Amino acid sequence: MKLKSITAVLISTIFALSGCAAPGQPGSTENKATNIGGGAVIGCLGGALVAHLAGGKAAKGCAIGAAIGGVAGYAKARQEEIDAAKNVQAETLAAVPGAKAEPVVTENVEVKDKSTGEVKTVQAVKEVTIDMPLSQKGTPEFNSAMDKIKALAERYADERQSADLTVAMNQKDARLQKITAMSTPLKTASGKGTINFIRIIDPTVPSGFERITVRANNNSKIDA
């Protein structure tokens, strides 16, 4: 079987088992939370593809893939989210003059694999905050940064069913920008999750900035 065919079959099978969306759209945490044991199966299929690419056998690839499935696979996915959030912050600070960022906030999620009884405390993204200068609004760099921030919100919403995207300004800037407080739910592009888009007036936001915060709505405990 040609590599292209093998890849297509593996991707289709992985999506069928995990309930994932199309490539580029993460699957839901609800599926992962209730079927983390299936992560080893998915890891096995992915490992088989790795083995094929390396010229090895599928059985060996399964052993490699299964090692990163289950609770370990869940932890790996959460770490990738943390790294992605830090990367978005770093890229924004480098591209948008005057932008500022708070450290990425994480929280603990207790993950239990019912098939093995393994329990692990996993760090997951809780909040990502960036202060964007209003003077840069409308520039290509500003717009590109906002696209990346929105992509984080979509990723978290698709993974957890919902996420919050909050834009805050102080009262003076909100009045000048003709911004009023509001809240509205928006479906993600995949339809898997909901982003709660919120605008608030916050006196702690520095003058000349809007504070963008993406909040992931994690469950404190996941029993698989």
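The numbers here are math on the coordinates, done by the rules we state, and not lab data. The model shown is predicted, which means the values in this text are computed figures rather than measured ones. With ideal geometry, Cβ positions are generated from the backbone for all residues, glycine too; neighbour counts draw on all protein chains shown.
Numerical summary
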item: Per-pair calculated FRET efficiency, R0 = 22 Å: VAL119 and GLN161 via Cβ, rounded to 0.05; result: 0.40
item: Förster radius 25 Å - calculated FRET efficiency between LYS172 and ALA151 (Cβ-Cβ, nearest 0.05); result: 0.25
item: Chain lengthening between ASP202 and ALA94 when straightened (0.36 nm per residue, less Cα-Cα); result: 36.3 nm
item: Long pairs among LYS150/LYS221; LYS86/LYS126; LYS120/LYS150; LYS86/LYS187, criterion Cα-Cα beyond 23 Å; result: LYS150/LYS221; LYS120/LYS150; LYS86/LYS187
item: Rounded to 5, the percent of DSSP beta bridges in the stretch 78-223 classed as antiparallel; result: 75 percent
item: Proximal aspartates and glutamates to LYS172, defined as alpha-carbon separation beneath 15 angstrom and excluding residues fewer than eight positions away on the same chain; result: ASP202, GLU210
